[in-house]
1. How far apart, in nm, are the 7 Å Cα→Cβ label points at GLN12 and TYR104?
2. Counting other Cβ atoms within 10 Å, keep those with at most 10, restrict to DSSP loop, and tell me which chymotrypsin sites (Phe, Trp or Tyr not before Pro) in segment 81-115 are left.
3. Using θ = phi - 60° and the Karplus relation 6.51 cos²θ - 1.76 cosθ + 1.60, list the HN-Hα couplings for segment 104-115 in order, rounded to whole Hz, with x at every Gly or Pro.
4. Please return the longest range in the chain lying between exposed loop sites, taking trypsin sites (Lys or Arg not before Pro), DSSP loop only, at most 14 other beta-carbon atoms within 10 Å, and leaving the sites out.
5. Please report the net charge: other residues with Cβ closer than 10 Å to the Cβ of ALA90, K and R +1, D and E -1.
6. How big is the convex hull of the Cα atoms of the chain, per residue, in Å³?
7. With θ taken as phi - 60° and the coefficients 6.51, -1.76 and 1.60, list the Karplus ³J(HN,Hα) couplings across segment 45-58 in order, rounded to whole Hz; mark glycine and proline as x.
8. For GLY8, what charge total do you get from the other residues with a beta carbon under 12 Å from its beta carbon, if Lys and Arg give +1 and Asp and Glu give -1?
Amino acid sequence: VQLQASGGGLVQPGGSLRLSCTASGSIFSINAMGWYRQAPGTQRELVAHITSGGSTNYADSVKGRFTISRDNAKNTVYLQMNSLKPEDTAVYYCNQETPWREDYWGKGTQVTVSS
């Protein structure tokens, strides 16, 4: 299984970014997908999660600003991030969880929110 994340970058406070993560080597549609992030000196934390059925949940800190979605035809999960804040600065990681509780991680993509 390979997960390829993209879309990170430098953005000003209040701006937007869309992260993408494309999976290969698995049956994408049956797996739950998630976005996590890790800032320097902190533990990796869940940002958003979407089940195979499309149910979503979010960290309180991003509710109303971030939206996770998936396109099973493209084996891709997205994270639309709006109204970005400096505290959203982190490395963002894509995660895939199979129905058998196997976890796979992609390489992170850096998001920096700064003026």
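1. A separation of 3.9 nm, rounded to one decimal place.
2. Passing both the DSSP loop test and the Cβ count: TRP100.
3. Along segment 104-115, the couplings run 10, 10, x, 5, x, 10, 7, 10, 10, 10, 7, 8 Hz.
4. 1-62
5. Around ALA90, the surrounding residues sum to -1.
6. 91 Å³
7. 10, 6, 9, 7, 9, 9, 7, 5, x, x, 6, 10, 8, 9
8. Here the count lands on +2.
The values are calculated or read from the model by the stated rules, or taken from the named source; none is laboratory data. Computed from a prediction, not measured in an experiment: that's the story for all the values here. Don't worry about glycine lacking a Cβ; one is built from the backbone with ideal geometry, like all the others, and counts go over all protein chains shown. Each accessible area value is taken on the protein alone, full model and side chains, heavy atoms only, with ligands, DNA and RNA left out. Shrake-Rupley method; radii C 1.70, N 1.55, O 1.52, S 1.80 Å.
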